[in-house]
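Just below is one structure, and these are the notes that go with it.
Since every read-out is calculated from the coordinates, none of them should be taken as a lab result. All values derive from a computational prediction rather than experimental measurement. With ideal geometry, Cβ positions are generated from the backbone for all residues, glycine too; neighbour counts draw on all protein chains shown.
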Amino acid sequence: MTESEKRRPQSKATFPSHKVVLVLQGGGALGAYHIGAYEALKDAGFEPDWVTGISIGAINAAVIAANPPQQRLAKLEALWESISRPDGWGMMLQGVDLRMFNQFNVAEAMVLGQPNFWYPRVPSPVLAKDLPATEASFYDTRPMLATLHEHADFALLNRGEGARLSLGATRVDTGELEFFDSNHQTIDPRHVLASGSLPPGFPATEIDGICYWDGGCVSNTPLNAVLDDLATDDLLVFMVDLWSASGPLPRTMDEVAWRQKQIQYASRNAQVETLCQNHNIRQVLQQNKAGLPAETLAVARAGMLEVPQRHIDIVHITYTPSDTESSFSDAEFSRPSIQRRRDAGKADMQQALAASPWLQTHIGAAPMARLHRMQAGCMNSSLCM
């Protein structure tokens, strides 16, 4: 294989017949990275059968899942154009000028809000002594409900004609992470908004008398929704993260704030590997349950021993921030930044597809969850046991 062939995205026709799952992490404006990652998958024929998301990942997931495949990319592009301002002239800027341009966009969003997404509450809620949970926030996110109606066909989704959709949100009263799933309930824009209701900027979203905050309050990556599912299909999971757990030591206060966000919202290596490890342990127990004592079987069943025997390959890519990012980049929706992040997502996913590590681990292997992580341009695979 030539070097150009190695770099070329592979076609799904050359791969085993997994069901394709797309897992999208939360991260505000950094979510433009998802557009490019999805575009690369689409170009290679990897239309997802199931999309899971949290926060901005939930918004992007809803647009992908609740549209016909031929419309998904155009709808994603239209969504991001609608929630950004016509400031493409910033493409001409570089270095310090570009960083200042980005910081101005953040300030603009904080003061004026973001088109078709949120607007500031006036007067400030700080002055109020008693507010309902659905109004206790600095910004009002009701415009996003109409935006979602415009760009996602929830009737199509709920008829089962789109991809399966799972969205993670946090119950405010219990602090538990809950998943809304189109396979088990009717989904509407409120469920999507609930997944992205990050306090104190955004208010809780009420659904059937229960108030929800952003799923990232508990876990910013909805991978456990996939690993806990009891379907029997082999899965090829593309996990697209927006925050890196690893990074250089900060040298300014802004870098301190940025690094703190990265650590808080990242899918830490140990966390992902533990999820895979727990799944594989259950697989081994299931395979050997005939030899287990009755008491052990009872305990194992209580711990969800009954898991399907199937291959799960998880391909993990993560956004690498540029030197123009600041601690408020997750609120920086300028069109130049959206395009740059989208381009990065496409390039990273193309590289992952070219590596196609699941081909080497799937053939002749026992049914297990395997993790393939792209790091510094290299794909590292591991069986988490």
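Points to keep in mind about this one:
- nm² value of the averaged projected area, convex hull over the Cα atoms of segment 25-67: 2.7
- Sorting the segments 317-323, 187-193, 132-138 by their residues' average number of neighbouring beta-carbon atoms within 10 angstrom, most packed first, yields 187-193, 317-323, 132-138.
- Between the amide H of Q375 and those of N380, distances stay under 5 Å, these residues lying 5 or more places away or on another chain, with hydrogens modeled in the peptide plane.
- Ordering of 204-214, 30-40 by packing is 30-40, 204-214, highest average first (other Cβ atoms within 10 Å, averaged per residue).
- Rounded to two decimals, the Cα radius of gyration of segment 109-229 over 2.2 N^0.38 Å is 1.10.
- Here is the P(r) of segment 61-122: all C-alpha pair distances, binned every 5 Å from 0, give 4, 16, 18, 18, 16, 15, 10, 4, 0 in whole percents.
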